[in-house]
Amino acid sequence: MKDNFLMIDPPVTPYSKPEDIEKWLTELRALAQTEEVNIHIAQAKEWLERAKKGGDK
Amino acid sequence: MTSKLYTLAHNPRTVTRSTIKRASNQARANMNRLDRAALGDLEQIYRNAAANIKNTIEGFAGIDGNLRLNNLQDIQAQVNTLLGQISNTREALLNNNLEQAAVLGTQPFTGAVNGSTLVRVADDAVKFTQSFMSKDGLQLSDRIWRLDNHAREAVGGAIQNAVVQGHSASQAANELLNRGEPVTAALRNKINNANASTVGRSASRALLTGQGSPRHNAMRVFRTEINRAHGEAYMASGAEDEDFGGWRYLLSPRHPEPDICNMHARVNKYGLGAGVYPSRQRTPWPAHPNTLSYVEIVFKDEITADDKAEKINRIDWLKQQPLNIQRGVLGAPQKVAALRKGLLAENEIETPWRILKKRFEKKGIFTADLKLVNPVSTAVTHTDEAVKYVVDNGLSTGNEHLVAFDQATGKELIKKTSHAVNYVSFTLEEVSLIRRGDRSIALIHNHPSSTSLSYADLKVGAHPGSAIITAAGHDGAIFSARVSSNFGTMANVEQNINRAVTDTIWPQINSGALTREQASAIHSHVQNVVMHRSRYMDYEATFNNGIVGKTLNDLGDDIMANIYTEAETLFNEAL
């Protein structure tokens, strides 16, 4: 039976290095684009943007 | 839970109530600091006194360095004077801290309650604490008298024993020498017991060392009574608020082992929510001396229809708990067996087994039969087995594994891996299973990172059929949450909690208070603590010296208290 829901535990956090968050984004983009995956992509982008600025908004 | 949020958002007193909640958090953090400072000052008083006592005793040393029996009374008198000085300094310190604690208890209600009322409430709370008579019939003054008496007995006894033993040994040695016989090594050692330095050290140890020492007992009295003054002032102030709905019993994150506090903090006895009580008289706080727990005001419109519907008596609640909680609350295993056989009444939960045993025997109950034949409950067996399974497999494959079982029947429902490090996938059939409201499913999975439950985990745990979601770290840590069924569908919570914690932690990283690695280790845990404190779920963490626990220890209570409070404030403001 086809799996349709992923319970995702990100390997990175908002404080991870930008390159690690980018790597995670690449992994997410390789998955089927379900609602849950898209939520994690949006979140990872937000983390990445801030991590690149050293925590500044 | 959704209705709670929307009600808060449109109520004109929302700002005041939100201010009270934030100030209550701050007051608890301030109380923790006051507690530490007071105990530190008290420790210093006792250490100074111990040093003075040691010096005084050494001043009585004879040429041979030993103390003489004929000096014993003078030594005792001088030592008692020094112990009396402890008493005076300590009393001033206690009174000062009682006043500060009571004022901290009233501060959250500044602006919401008349100022002169708060001044009176703080004053009354100190007087209440000073005159409060506990179950053992003792007031604070009695406990202080016992502290002083115990100190005189412990220190005086240590001095007297050493001097008398040394004197007797000296007499015996003289008799031996007069008879021309040698003095044995054992006898020489006993003579040395009266050595002034040795006696000084013994007296110091008697005052300071170990549980049950005068210093330890004094610290226990301080923590108990300072916290009492704070809690009484807080509750007397909050009861004046027009929107007062009840008192929530808050289990301290530092609470070491399950005990009766776990029940007080979790049972929904009055239909007001977990651990919420309708009045001061019905609030079982403090449950025991030396408590680390607090209470928090609950406003009327925080109490939901679900809270009212989920009212449960304490016996039924206890029956639903795993063995470690049942043992922690009830104590004796015979009481746990009685609970499981339906013999324990609600008013017998706190009755000691020795009394209950006689009561049961009068009723014709054969108490020898009250044994935990299988000491591990079904639920614990399955959870432990499941944790072992997912961690063992996770360590061997590096991937996430998941087990789900029905808590009511123990039947295993799901056991799987998606062969991925960062996720487990569910089929449609599995999703529909955990969506069924008639199920009570425990979901257990491993986290190779050994960090706490992710937000995605919580969303799975929020399905109607999910009773509890657990993440087991590869380093021994275990994180569990019981999540409200509306949680997963609530708009903005995920974004708000993430931003609240991130906005709190980034400045701390940039100020050098913690590293990025430390921040990453605690990020999910902080999110979960804040959501637990904000009543979105019941969250529990067992660290077992894992990375999260180690990081929290390294950062220390002060930094973590600031992080929790700041993140909670930002989270509640965002809502």
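The values are calculated or read from the model by the stated rules, or taken from the named source; none is laboratory data. All of these numbers come straight from a predicted model, not from anything done at the bench. Cβ placement follows ideal geometry from the backbone for every residue including glycine, while neighbour counts extend to all protein chains displayed. Side chains included, ligands, DNA and RNA excluded: accessible areas come from the protein's heavy atoms. Shrake-Rupley method; radii C 1.70, N 1.55, O 1.52, S 1.80 Å.
Return the pairs, sorted by first residue and then second, in which the second residue is charged (D, E, K, R) and part of a helix (DSSP H, G or I), the first residue lies in the range B:501-515 and is closer than 22 Å to B:S534 by Cα and at the interface with chain A (Cβ under 9 Å from one of its Cβ atoms), the beta carbons are less than 8 Å apart, and the residues are 6+ apart or on different chains.
B:T502/A:R50; B:W506/A:R50
Please go through the range B:43-55 and pick out each residue that is buried (at least 17 other Cβ atoms within 10 Å of the Cβ) and free of Cβ contacts under 8 Å to residues at least 40 places away in the same chain.
B:N52
If you check B:F543 against the conditions, is it within 14 Å of another protein chain (Cβ to nearest Cβ), under 19 Å from the mean Cα position of the chain (by Cα) and of a type in the set (F, W, Y)?
no
I'd like to check something: does the range B:444-456 contain any residue that is in contact with a Leu (Cβ under 7 Å, 6 or more places away or on another chain), among the polar types (S, T, N, Q) and at the interface with chain A (Cβ under 9 Å from one of its Cβ atoms)?
no
Across the range B:516-533, what is the number of residues that are within 9 Å of chain A (Cβ to nearest Cβ) and among the charged types (D, E, K, R)?
Counting residues in the range B:516-533 that are within 9 Å of chain A (Cβ to nearest Cβ) and among the charged types (D, E, K, R) gives 2.
Among the residues of the range B:269-291, which ones are under 17 Å from B:S24 (Cβ atoms) and open to solvent by 40 Å² or more (accessible area, probe 1.4 Å)?
B:R280, the sole residue that qualifies.
Restricting to the range B:427-443, and then to whatever is outside any helix (DSSP H, G or I) and polar (S, T, N, Q), can you tell me which residue is nearest to the other protein chains (Cβ to nearest Cβ)?
Taking the candidates together, the pick is B:T427.
Sort out which residues of the range A:48-57 are facing chain B (nearest Cβ under 8 Å) and either buried (at least 18 other Cβ atoms within 10 Å of the Cβ) or in contact (Cβ under 8 Å) with a residue 40 or more places away in the chain (or both), and write them in order of number.
A:R50, A:G55 - these are the residues of the range A:48-57 that are facing chain B (nearest Cβ under 8 Å) and either buried (at least 18 other Cβ atoms within 10 Å of the Cβ) or in contact (Cβ under 8 Å) with a residue 40 or more places away in the chain (or both).
Hey, can you tell me all the residues within the range A:15-45 that are in contact (Cβ under 8 Å) with a residue 12 or more places away in the chain, in a helix (DSSP H, G or I) and of a type outside the set (K, R)?
Across the range A:15-45, the qualifying residues are A:P18, A:I21, A:E22, A:W24, A:L25, A:L28, A:E36, A:V37, A:H40, A:I41, A:Q43, A:A44.
Pull up the range B:300-322, narrow it to residues that are assigned to a loop (DSSP other than H, G, I, E, B) and in contact with a helix residue (DSSP H, G or I) (Cβ under 7 Å, 6 or more places away or on another chain), then point me to the one that is least open to solvent (accessible area, probe 1.4 Å).
Going through the qualifying residues, I end up with B:T304.
Which members of the range A:1-22 meet the condition of being more than 8 Å from chain B (Cβ to nearest Cβ) and under 9 Å from the mean Cα position of the chain (by Cα)?
A:I21, A:E22, listed by residue number.
Yes or no: the range B:81-94 includes at least one residue that is more than 18 Å from B:A158 (Cα to Cα) and touching a Lys or Arg at 6+ places or on another chain (Cβ under 9 Å).
No, there is no match, as no residue in the range B:81-94 is more than 18 Å from B:A158 (Cα to Cα) and touching a Lys or Arg at 6+ places or on another chain (Cβ under 9 Å).
Tell me the residue from B:V391, B:V387, B:V403, B:V424 that is buried (at least 16 other Cβ atoms within 10 Å of the Cβ), more than 11 Å from chain A (Cβ to nearest Cβ) and part of a strand (DSSP E or B), please.
B:V403
Yes/no matrix, rows are residues, columns are (1) surrounded by 18 or more Cβ atoms within 10 Å (Cβ to Cβ); (2) of a type in the set (D, E); (3) within 30 Å of B:P289 (Cβ to Cβ):
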| site | (1), (2), (3) |
| --- | --- |
| B:H150 | no, no, yes |
| B:A158 | yes, no, yes |
| B:L176 | no, no, no |
| B:N189 | no, no, no |
| B:A196 | yes, no, no |
| B:R215 | yes, no, yes |
| B:A218 | yes, no, yes |
| B:N227 | yes, no, yes |
| B:H230 | yes, no, yes |
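Mind checking whether some residue in the range B:524-535 is farther than 25 Å from A:A51 by Cα, under 23 Å from the mean Cα position of the chain (by Cα), not small (G, A, S) and not in a helix (DSSP H, G or I)?
Yes, some residue in the range B:524-535 is farther than 25 Å from A:A51 by Cα, under 23 Å from the mean Cα position of the chain (by Cα), not small (G, A, S) and not in a helix (DSSP H, G or I).
Before we move on, is B:G65 in contact with a strand residue (DSSP E or B) (Cβ under 6 Å, 6 or more places away or on another chain) and either farther than 16 Å from B:H216 by Cβ or surrounded by fewer than 13 Cβ atoms within 10 Å (Cβ to Cβ) (or both)?
Yes, satisfied.
Looking at the range B:491-498, can you tell me whether even one residue there is away from chain A (no Cβ under 12 Å), at positive phi, of a type outside the set (D, E, K, R) and without any contact (Cβ under 8 Å) to a residue 12 or more places away in the chain?
Checked against the condition, which is being away from chain A (no Cβ under 12 Å), at positive phi, of a type outside the set (D, E, K, R) and without any contact (Cβ under 8 Å) to a residue 12 or more places away in the chain, the range B:491-498 yields no hits at all.
Take B:I559 and decide whether it is open to solvent by 20 Å² or more (accessible area, probe 1.4 Å), more than 29 Å from B:P322 (Cα to Cα) and either in a loop (DSSP other than H, G, I, E, B) or within 12 Å of another protein chain (Cβ to nearest Cβ) (or both).
no
I'd like the full set of residues that are away from every other protein chain (no Cβ under 11 Å), open to solvent by less than 70 Å² (accessible area, probe 1.4 Å) and assigned to a strand (DSSP E or B), limited to the range B:406-421.
B:D406, B:L413, B:I414, B:T417
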